[in-house]
Ligand SMILES: [Zn+2]
């Protein structure tokens, strides 16, 4: 049976100089509103032991707009400001439910520049999107069509570190579940290869079950490393430094884009071929500070891979099992179940006392699969 899901479609767009001005101001205003409401909530919470609701924050926003020093908030569309308060509300709800840490202030440098427009703040007519207080429709590069008859419910405008503008359009889409598949598979996150599967799948993996990094990635990484070295040599605050920073951002964006395309193709194939997919919970890695470029990129793609598998499994009627991160997947012999005392990172192949010869990653993927099937 086909089902309806909310799905975001992301496109690049090219604003005119006037059009670029409005969201740039909105980003700053939305951040200010978020931070100011967070400050109020924190004060109420710590000094008076009182929770502040979204409605109260929204009423406070109306008051701020009436004051002289915050009157400029009236100059941008009010919807992205309200949405910032909703995001804060969600952050507090996650905190009170013990799913997340206490919300933190959004910094000018680290925050992703984005503004969210709900239905009342944009129009979608004849395939063109026009945002409130922005003259003329956006010049969007429609790299693929929106679903037929789609009615966008939310439009998010963002700008990345490389200076590229994006519009993400949320609309209803119809998903047809796939026929049940017989396969089960475990996936190990690699460093030398991108992923290793518990069994080879023709056309997707090599004979051992490994999936390589996207093409050109080595060259892209070398380019990124070169750009980073060049940036380190530039004087602080200089024009050349700003230019070098943009080059670094471009190199990063190129790697991320190619990775995402690659991961989309892989996750679709994996979900198509298998009824049950087992992965390891690697969230702990995010807490470990690591300066290795390869590591950082592989962590980022793991998060992306997991979220793609999560929603695609839900769409197509598949099962995704996440096994505990403390599971000794590398040290365990998948043939006899003996745990090795140590398994240094540089050991790629090993032979167990039982005689089984293992590729480190394939063995880990098999163990992850077995653990997932047992846990299920
Ligand atoms: Zn063994």
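For this structure, a couple of remarks:
- From the largest down, the chain spans 79, 58, 50 angstrom on the principal axes of its Cα atoms.
- Each label was represented as a point 7 Å from its Cα along the Cα-to-Cβ direction; for residue 12 and residue 246 these points are 1.4 nm apart.
- Share of pairwise Cα separations in the range 1-81, more than 21 Å, in percent: 48
- Theoretical FRET efficiency, 1/(1+(r/R0)^6), r = Cβ-Cβ of residue 179 and residue 307, R0 30 Å, to 0.05: 0.80
- If you sort the three axes of the alpha carbon gyration tensor as a ≥ b ≥ c, you get a/c of 1.5 or more for the range 38-115 and a/b no higher than b/c, which makes it oblate.
- As a length-normalised measure over Cα pairs under 8 Å and 6 or more apart, the relative contact order of the chain settles at 17 percent.
- For peptides 176-185, 304-313, sequence by mean Cβ density within 10 Å, most packed first: 304-313, 176-185
- Fewest-first ranking of 332, 282, using other Cβ atoms within 10 Å as the exposure measure: 282, 332
- If R0 is 35 Å, the Cβ-Cβ spacing of residue 100 and residue 66 corresponds to a FRET efficiency of close to 0.60.
- Between the range 329-376 and the range 231-270, the alpha-carbon center distance in angstrom: 35
- Summary of the geometry: the range 125-188 and the range 74-107, compared by the centres of their Cα atoms, lie 23 Å apart.
- If R0 is 22 Å, the Cβ-Cβ spacing of residue 112 and residue 133 corresponds to a FRET efficiency of close to 0.55.
- Ordering of 251-262, 346-357 by burial proxy (mean other Cβ atoms within 10 Å per residue, highest first): 251-262, 346-357
- Peptide packing for 129-136, 225-232 was compared via the average number of neighbouring C-beta atoms within 10 Å per residue; ordered from the highest value, the list is 129-136, 225-232.
Values quoted throughout were computed directly from the atomic coordinates according to the rules given, and no laboratory measurement underlies them. These numbers come from a predicted model, not from an experiment. Ideal geometry is used to build each Cβ from the backbone, glycine not excepted, and the neighbour counts take in all protein chains shown.
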